[in-house]
Each structure stands twice: as structure tokens, then as C-alpha cells.
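Taken together, the values in this text are just the output of simple stated rules run on the coordinates, not laboratory data. Note that the structure is a prediction, hence the values are computed from the model and not measured. Heads up, the Cβs are rebuilt from the backbone with ideal geometry, glycines too, and the neighbour counts pull from every protein chain shown.
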Amino acid sequence: MIELEHVTRRYGAAVAVADLSLAVGAGEFCVLIGGSGAGKSTTLKMINRLVDASEGAIRVGGRDIRELEPAALRRRMGYVIQSIGLFPHWTVARNVGTVPELLGWPAATIRDRTAALLARLGLAPGEFLAKYPHQLSIGQQQRVGIARALAADPDILLMDEPFGALDPITRMALQAEIAAIQQESGKTVVFVTHDIDEALRLASRIAVMERGRLVQIGTPMELLTAPASEFVRDLVGGDDLGIKLLGVATVASRLRAGETAPGVPIAAAASLRQALSRMAAEGRDRLAVVASDGRPAGTIHLADLLRR
Ligand code: ADP
Ligand code: MG
């Protein structure tokens, strides 16, 4: 879906992105992570041609993006940034409807789409459509920012530290929303963060960048269990490696089907980290497990958490 081949971006003598090759498949949730100045934002901006590569090629859906009109390319990609960037003098409705309007959608279609997206993002349309950005909390503004990015139903969503300005609780809520939206829509997401827990929670694959270079790409589990360098080891795990490993595997993966246990059950989709936390808090060595439909699924045992 998105392919970068030996892409370099220079600013004068400085190299922001160096010889980067990366392929993001359709429906993938790819997270770019790295420290400040690693080249993450530049990479994202090259994909939507806010910035042009100095060398190398970028293809989207098999087509070299230099052959495409930048405005047309950008309309196919939702773009969400940390500072949100809503138009302050426009209502929520007009902000969300910007791209569909540019595309000439009928007004009634835009209205319906806008209302549905706001509702999907937890903002009651009746309450929020006519509001202005300054009347919303930062978290609500970023929900509108995401709705705007999704408005014209792009295949690709580019997100540059979208939750960086949010408090931890709002941030977790929006992480869960974007994960659910991505799963139900099958959109291809390229998401930039410098927060490893956010990356581990969201990514199907994580690309680690250091000073403009790609130093490793892999699934969260691959990065945790086989870091390519000391830098990646420190980034992903450090002293919390074991806890982080428990965070990327689900209760379902260690389920003992058919057994029962007393107490409040845990969801099969919960992480092993959550299971461990419950066991520690409740002084139990096993928990009952329920499937997503609420039916009993079995149990999980403390000893099973240690299995690799
Ligand atoms: P990140 O998003 O990972 O923090 P960026 O992609 O923003 O990193 O920047 C990578 C490097 O490129 C940094 O050293 C930055 O200073 C430099 N850079 C980015 N944009 C510009 C620009 N417009 N002009 C000059 N240097 C830039
Ligand atoms: Mg950046």
C-alpha cells in the first residue's frame, strides 16, 4: 500500500531522513517511534507530499506519488497532528466537512457523514455540531480532528503524535477508539509517537528510527524479544521488559478452556499484564475468563503467565 524505497530527505547539509526503506501493507497499523529529531514527522510529510524526498521513491497503491497531484494525494489520506489544527472560526460541522465539501459531495451526504463520525467518536452530534473549537476540551478537539481526517473515508490515515497533548486518561481512551476504528474499517495507519507503551498497544508493526535511519522494524513481540541493538533494547524494555511482554499478549493466548474459577471474570481480550494485576490485587492464582459475548471461556492461571 505504502512503499518507501531508499528515501532520503536533506535540509541543506543536514540529513533528516537517511536511506529509509519501508513497506506498509494495506490494513496495517504501523507505528514510527524514535526520539526527537529522528525523522518521524519528515517521513510522514513525505508520504503526503507536504515535503518532497530529496532522493528515493515513494509509492502509494503502486503509484509513484510524484506522478500524483499533491492536493489529490492528500485528500486520499487523513492527517492528524498533535496541535490538531482545527479552523478556530468554523463550527465543528464545517471543520469535519472540509474535505467532502472540497470533493463536491452533496450537502445532505456531508451532514449525515459528519453526524455519524461525531457519534462514532463519542461526541453527540446534537450537542457538538454547532460548537466552535474553543468551546471544546483538548480531548474533544482531537476527536473532531480525527473525525475530520476520516470524513472523506480515506484508505490511509497519517497520525503525527496525535495524542501527545492529552492527559493520560483521555489518551488511553482515544488509543482504544483509534484501534477499534482501524480494526473495523481496515484502514492503513501510519502513526508517529515517542511513547513506547502507546506503540506497543497500537502497532501491528513498529518501525524504530534513530537519527534519520530505520534501525529495526518488527511486531511488538519481535522488538521485545529480539531487539536489534542496545538502543532498541533500552527503548522497548529497559527494566520493565517482562511487564511489557505481558502487555502485548492476551489472556486468550494462555486460556485453559473448559475450566471454571470463582470471582469476577476477566475478558479474553485483556492483556496478560491486566490478568497479573488482577491476580496480585485479589490474591488469586487463577481467574475465570469470559469471551467477548460474555460467555464463560475458561480460566487463566498465574503459572501460565510465565510461558513463552
Ligand atoms: P521528529 O519528528 O522525529 O522529531 P523531524 O522529522 O521533525 O523529527 O526532524 C528530523 C530532523 O530534520 C531534525 O534534525 C530537524 O531539525 C530537521 N528538520 C525538520 N524539518 C526541517 C526544516 N523545515 N528545515 C530544516 N531542518 C528541518
Ligand atoms: Mg515530529
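Between residue 108 and residue 130, the simple spin-label model (points 7 angstrom out along Cα→Cβ) gives 2.2 nm.
Let me make sure I get this right: for the range 131-275, a, b and c are the square roots of the gyration tensor eigenvalues over alpha carbons, sorted descending. Under 1.5 in a/c it's rounded, otherwise prolate if a/b > b/c, else oblate. Which is it? Oblate shape, in that a/c is at least 1.5 and b/c is the bigger or equal ratio.
Extension gain, residue 63 to residue 229, is 56.4 nm, computed as 0.36 nm per intervening residue step minus the present C-alpha separation. Compute the relative contact order of the range 74-146 as a whole-number percentage, counting only Cα pairs closer than 8 Å that sit 6 or more residues apart in sequence. It comes to 45 percent, rounded to a whole number. Among 175, 274, 216, the residue with the largest mean-square fluctuation in a Gaussian network model of the chain, with springs joining Cα atoms closer than 10 Å, is 274.
Would you please give the FRET efficiency between residue 260 and residue 21, computed as 1/(1 + (r/R0)^6) with r the Cβ-Cβ distance and R0 = 45 Å, to the nearest 0.05? Working from the Cβ atoms, E equals 0.35. Across the range 102-233, the mean sequence separation of Cα contacts (distance under 8 Å, 6 or more residues apart), normalised by length, yields a relative contact order of 15 percent.
Measuring from centroid to centroid over Cα atoms, what is the spacing of the range 101-170 and the range 294-308 in Å? Between the Cα centres of the range 101-170 and the range 294-308 lies a distance of 38 Å. Most fluctuating residue of 207, 57, 280 in a GNM of the chain with Cα springs under 10 Å: which is it? With Cα springs under 10 Å in the chain, the top fluctuation among 207, 57, 280 is at 280. Here's how it looks for residue 54: its modeled amide H is under 5 Å from those of 8, 9, 10, which are all 5 or more places away or on a different chain.
Mean-square fluctuations from a GNM of the chain, with a 10 angstrom spring cutoff on Cα atoms, peak among 279, 77, 209 at 279. Other residues lying with their Cβ under 10 Å from the Cβ of residue 69 contribute a combined charge of +2, Lys and Arg counting +1, Asp and Glu -1. Modelled spin-label separation between residue 204 and residue 119, with each label point placed 7 Å from Cα along the Cα-to-Cβ direction: 2.8 nm. Please say if the chain is rounded, prolate or oblate, where rounded means a/c under 1.5 for a ≥ b ≥ c the square roots of the C-alpha gyration tensor eigenvalues, and otherwise the choice is prolate for a/b larger than b/c and oblate otherwise? Oblate is the answer for the chain, as a/c is 1.5 or above yet b/c matches or exceeds a/b. Spacing of the modelled spin labels on residue 52 and residue 10, each 7 Å from Cα toward Cβ, amounts to 1.5 nm.
For the chain, the longest principal axis of the Cα atoms and the long axis of helix 138-150 meet at an angle of about 70 degrees.
Pairs of alpha-carbon atoms within less than 8 angstrom and 6+ residues apart define the contacts here; what relative contact order does the chain have, in percent? Please list the in-between numbers first.
Numbers: 561 pairs, mean separation 57.5, N = 308.
Over the chain, the number comes to 19 percent.
Using the per-residue mean of other Cβ atoms lying within 10 Å as a proxy for protection, in what order, highest first, do the peptides 64-75, 8-19, 152-163 fall? The partial results should precede the final answer.
Working: 64-75: 13.4, 8-19: 14.9, 152-163: 21.1.
Ranking, from highest mean packing down: 152-163, 8-19, 64-75.
Taking amide H as placed 1.01 Å from N in the peptide plane, residue 80 has its amide H under 5 Å from the amide H of 158, 159, 160, each at least 5 places away in sequence or on another chain. Over the chain, what is the percentage of antiparallel beta bridges among all DSSP beta bridges, to the nearest 5? So the antiparallel bridges amount to about 55 percent of the total. Relative to the Cα centre, the charge distribution of the range 113-169, modelled as +1 at Lys and Arg Cβ and -1 at Asp and Glu Cβ, gives a dipole magnitude of about 260 debye. Note on the chain: dipole from Cβ charges, positive end direction compared against 133, 71, 32; the farthest Cα belongs to 133.
Using 0.36 nm per residue, how much length does the chain from residue 304 to residue 195 gain when fully extended, once their Cα-Cα distance is taken away?
Roughly 36.4 nm would be gained on extension.
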